[in-house]
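Working notes, structure below.
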Amino acid sequence: MESIPRWEVLSLCGIGTWVILSSMFNVTQKIRSLTQPWVSSYVVSTTPITLMIQKYHNKYLDAFFSALSCVVSVPFYTAFLPLLFWSGHCKLARQMTLLMALCDYIGNCIKDVVCAPRPSAPPVRRITATEDEKENALEYGLPSSHTLNTVCLSGFLLQYILSYTQNDDAITGLAGLVIVCLFVFFIALGRIYLGMHSLIDIIAGLAFGLAILASWLSVHKYIDYFIVSGQNGPGNALEVPEAERFASFWAVLCFLLLFAYPTPQLPTPSFEFHTAFNGVALGIVIGVHQTYHQFHHESVPRVFTPQLTLPAFLGRLIVGYPTILLVRFCSKALAKWMLPMLANALGIPVRSSSYVPSLSVSASAKKLDQIKQAGYIQKLFFFSRQDLFEVDTGIRLFQYATLAWSVVDLVPSLFFHLGL
């Protein structure tokens, strides 16, 4: 068994150290005190621009921009990414999944650090046509996640298509860039039209999106190679102990990222979104690493080819989506039973905001009063100021990690046995 690479140890230690130091020195509060007043003043001062755009509102534009927002929402990508895996474009799917998780983490971190308000409604007219939009409206404003995600994912998709088709034609590339720019423009315009964001939120979404995209394009090949091989450079297949080390590294990384997240002024759904995509990234990475040579290598059949015809692909969808929904239901039920029991055995006081009624805040507080001495596991979390740990976070992480694993491991295995 090879020794653990130094960069893995340093990266995990670096994140852990940052969590401790940022908590000790109140880094989040200090950054917020500097940025929040400035951003809030811009939100107020750009309200006339929002009202000017909304003067042209009608039912057709309402429907158009609401539908466009759904196309780039988190639920859309949750349904779209499995389709990419099962269509044979596995490399694109896993890289877009990790990029989406990165965008979600950075965007939501900035939201909950700055805690800038959305445009005041009224006078702004806010349109929330779906339950997803109503939940998005509970988040803070800057940056616009829709704008940030659209810049990153559409830009990366364009790069992948040009690379996959090996098209060096400048006109084709320019046409693709124009289409991406128009798409980003309409998404950004729609967020202002729907009253969900101010101009400063859109500008921040564009700026951070371009920075993340540029960074991702420079490192995505190395990250992908590490995922499929577990190594930093070309080499032989991993032995079992190395595969276990790889899984352990990603599990610890995802666990630390749950703590490396700012505490907002008021509770928002942003951390829940981060936890979900954190779990998705963990499940995808571990599942792909374990089954790369079986189901995710570059020679797998792709849709619209003789090896994967359209009827066979539709059969995959009919089998795949109900399977992952069943896995999600079962994993959630298992986590709701298992995690509270494990926390109780380890002496960790926990609460549940929604998943486990018996662990509501009032019930958990009574249990906390009965604890006379902190256990060893609790002492590991000395850098956390929480008296009670939210068990819903662990349930959500386990649920989405299992869901993602089923997309790349369990479901492809079913396809193989069913001849799909």
Could you go through the stretch 117-131 and let me know if any residue there is surrounded by fewer than 15 Cβ atoms within 10 Å (Cβ to Cβ) and in a helix (DSSP H, G or I). yes
Boolean, Asp201 is out of contact with any helix residue (DSSP H, G or I) (no Cβ under 6 Å at 6 or more places or on another chain), touching a residue at least 12 places away in the same chain (Cβ under 8 Å), within 30 Å of Pro262 (Cβ to Cβ) and open to solvent by less than 10 Å² (accessible area, probe 1.4 Å): yes
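Which one of Val151, Val113 is over 16 Å from the mean Cα position of the chain (by Cα), assigned to a helix (DSSP H, G or I) and either under 23 Å from Leu257 (Cβ atoms) or among the hydrophobic types (A, V, I, L, M, F, W, C) (or both)?
On the way: Val151 fails: over 16 Å from the mean Cα position of the chain (by Cα).
Being over 16 Å from the mean Cα position of the chain (by Cα), assigned to a helix (DSSP H, G or I) and either under 23 Å from Leu257 (Cβ atoms) or among the hydrophobic types (A, V, I, L, M, F, W, C) (or both) holds for just one of Val151, Val113, which is Val113.
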Exactly one of Val43, Val9, Val19 is within 20 Å of Pro264 (Cβ to Cβ) and within 25 Å of the chain's Cα centre (by Cα), and that residue is Val19
Residue pairs, Cβ under 6 Å, 6 or more apart or interchain, first in the stretch 42-58 and closer than 14 Å to Leu194 by Cβ, second modelled with pLDDT under 90 and in a loop (DSSP other than H, G, I, E, B). List them. Thr50/Pro119; Thr50/Val124; Gln54/Arg125
Restricting attention to the stretch 97-109, does a residue exist that is open to solvent by 10 Å² or more (accessible area, probe 1.4 Å) and part of a loop (DSSP other than H, G, I, E, B)? no
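Could you tell me which residue of the stretch 165-198 is most open to solvent (accessible area, probe 1.4 Å), considering only residues that are among the aromatic types (Phe, Trp, Tyr) and in contact (Cβ under 8 Å) with a residue 12 or more places away in the chain? Explain how you work it out, then say what you get.
Just the residues of the stretch 165-198 that are among the aromatic types (Phe, Trp, Tyr), to begin with: 183, 185-186, 193.
Those left that are additionally in contact (Cβ under 8 Å) with a residue 12 or more places away in the chain: 183, 186, 193.
On the way: Phe183: 66, Phe186: 82, Tyr193: 4 Å².
Top of the filtered list is Phe186.
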Considering (1) out of contact with any helix residue (DSSP H, G or I) (no Cβ under 8 Å at 6 or more places or on another chain); (2) aromatic (Phe, Trp, Tyr); (3) at pLDDT 85 or above, say which one Phe415 fails and leave the rest. (1)
Mind listing whichever residues of the stretch 189-213 are hydrophobic (A, V, I, L, M, F, W, C) and either modelled with pLDDT under 90 or within 20 Å of the chain's Cα centre (by Cα) (or both)? Leu194, Met196, Ile202, Ala204, Leu206, Ala207, Phe208, Leu210, Ala211, Ile212, Leu213
Applying the selection to the stretch 65-74, what residues are more than 16 Å from Leu148 (Cα to Cα) and either without any contact (Cβ under 8 Å) to a residue 60 or more places away in the chain or of a type outside the set (A, V, I, L, M, F, W, C) (or both)? Ser66, Ala67
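Results for (1) polar (S, T, N, Q); (2) in contact with a helix residue (DSSP H, G or I) (Cβ under 9 Å, 6 or more places away or on another chain); (3) at pLDDT 85 or above, shown as yes or no for each residue.
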{"site": "Gly14", "(1), (2), (3)": "no, no, yes"}
{"site": "Leu21", "(1), (2), (3)": "no, yes, yes"}
{"site": "Val27", "(1), (2), (3)": "no, yes, yes"}
{"site": "Leu34", "(1), (2), (3)": "no, no, yes"}
{"site": "Ser41", "(1), (2), (3)": "yes, no, yes"}
Looking only at the stretch 27-76, count every residue that is assigned to a loop (DSSP other than H, G, I, E, B), open to solvent by less than 40 Å² (accessible area, probe 1.4 Å) and either among the acidic types (Asp, Glu) or farther than 22 Å from Asp104 by Cα (or both) and tell me the total. 1
Could you give me the residue pairs with C-beta distances under 7 Å whose first residue belongs to the stretch 1-18 and is of a type in the set (Val, Ile, Thr), whose second residue is at pLDDT below 85 and open to solvent by less than 80 Å² (accessible area, probe 1.4 Å) wherever it lies, and which are 6+ apart or on separate chains? Ile4/Arg245
Exclusive hit being under 22 Å from the mean Cα position of the chain (by Cα), open to solvent by 20 Å² or more (accessible area, probe 1.4 Å) and among the polar types (S, T, N, Q), set Thr275, Thr268, Thr305: Thr268
Take the residues in the stretch 132-148 that are of a type outside the set (A, V, I, L, M, F, W, C) and touching a Ser or Thr at 6+ places or on another chain (Cβ under 7 Å); name whichever of them is surrounded by the most Cβ atoms within 10 Å (Cβ to Cβ). His146
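The values are calculated or read from the model by the stated rules, or taken from the named source; none is laboratory data. Just so it is clear, the structure is predicted and the values come from calculations on it, not from any experiment. Please note: Cβ atoms are built from the backbone with ideal geometry, for glycine as well, and neighbour counts cover all protein chains shown. The area values use the complete protein model at the heavy-atom level, side chains included, leaving out ligands, DNA and RNA. Shrake-Rupley method; radii C 1.70, N 1.55, O 1.52, S 1.80 Å.
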